[in-house]
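Asks: Take a look at this one; I'll ask things after.
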Amino acid sequence: MPYSTNNPAGQAIQNIINDLPQLLAVAIVDTQSGMAMASHSNSLTLNPETAAAYNTEVVRQKQKAMTALKLTDEVIDDILITLTNQIHLINLVDGGKKFIYLAVNSRDTNLAIAREVLRQQADILK
């Protein structure tokens, strides 16, 4: 999905690209619908809209698990998925109504920096 910097999701995408130009893919996702509000990919093979839909299920299942475990005083900050050569980070924002999905090459990006870049965008998306 092309993005416009005239809305909060598009501005957040542009900010993330500015801070992490080597990223593989990024999307701002509505947790309710699973639809990407804005996205960008530097990879020919990684479609951020497809990733958004599948990662919505990851978020929903983790939320269900937390309910089943009665972790009522806890909230999900982020979900980390490490692959052989990639880091996929799901950062929940706006009380879990949205999340930022980010995929980076693990050789190119430090996890702490990636987390901080996503956290900086949380206020824009509220």
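Where a number appears in this text, it was derived from the coordinates with a stated rule and is not lab data. The structure displayed is predicted, hence computed values, not measured ones. Cβ sites come from the backbone with ideal geometry, for glycine too, and all protein chains shown count toward neighbours.
Asks: Return the residue satisfying two criteria in turn: it lies in the stretch 13-35 and is over 16 Å from Ser106 (Cα atoms) and free of Cβ contacts under 8 Å to residues at least 60 places away in the same chain, and of such residues it is surrounded by the fewest Cβ atoms within 10 Å (Cβ to Cβ).
Replies: Only one residue tops the list, namely Asn18.
Asks: Oh, and also: Output yes when any residue across the stretch 50-68 is surrounded by 15 or more Cβ atoms within 10 Å (Cβ to Cβ) and farther than 19 Å from Gly34 by Cβ, and no when none is.
Replies: Checking the stretch 50-68: not a single residue is surrounded by 15 or more Cβ atoms within 10 Å (Cβ to Cβ) and farther than 19 Å from Gly34 by Cβ.
Asks: Only one of Leu111, Leu80, Leu71 is without any contact (Cβ under 8 Å) to a residue 40 or more places away in the chain, touching a His at 6+ places or on another chain (Cβ under 9 Å) and loosely packed, with under 15 Cβ neighbours inside 10 Å. Can you tell me which?
Replies: From the options Leu111, Leu80, Leu71, the qualifying one is Leu80.
Asks: Being within 13 Å of Val29 (Cα to Cα) and either among the β-branched types (Val, Ile, Thr) or part of a strand (DSSP E or B) (or both) narrows it down to one residue among Val58, Val75; which is it?
Replies: Being within 13 Å of Val29 (Cα to Cα) and either among the β-branched types (Val, Ile, Thr) or part of a strand (DSSP E or B) (or both) holds for just one of Val58, Val75, which is Val58.
Asks: Let me ask something else. For the stretch 13-31: of the residues being in a loop (DSSP other than H, G, I, E, B) and not β-branched (Val, Ile, Thr), which is nearest to Gln120 (Cα to Cα)?
Replies: Checking each candidate, the answer is Leu20.
Asks: Still on this structure, I have one more. Can you say whether Leu102 is touching a residue at least 40 places away in the same chain (Cβ under 8 Å), of a type in the set (A, V, I, L, M) and touching a Leu at 6+ places or on another chain (Cβ under 9 Å), as far as the supplied structure shows?
Replies: Criteria met by Leu102.
Asks: Can I ask one more? Suppose the filter is within 23 Å of Ala36 (Cβ to Cβ), part of a strand (DSSP E or B) and of a type in the set (Val, Ile, Thr); does Ile90 pass it?
Replies: Yes; evaluated as a whole, the condition is true for this residue.
Asks: Also: Say we look at the stretch 1-11 and pick out the residues that are in contact with a strand residue (DSSP E or B) (Cβ under 6 Å, 6 or more places away or on another chain) and touching a residue at least 40 places away in the same chain (Cβ under 8 Å); which of these is farthest from Val59 (Cα to Cα)?
Replies: Met1
Asks: Any chance you could count how many residues in the stretch 30-74 are within 16 Å of the chain's Cα centre (by Cα) and of a type outside the set (S, T, N, Q)?
Replies: Matching residues across the stretch 30-74 total 19.
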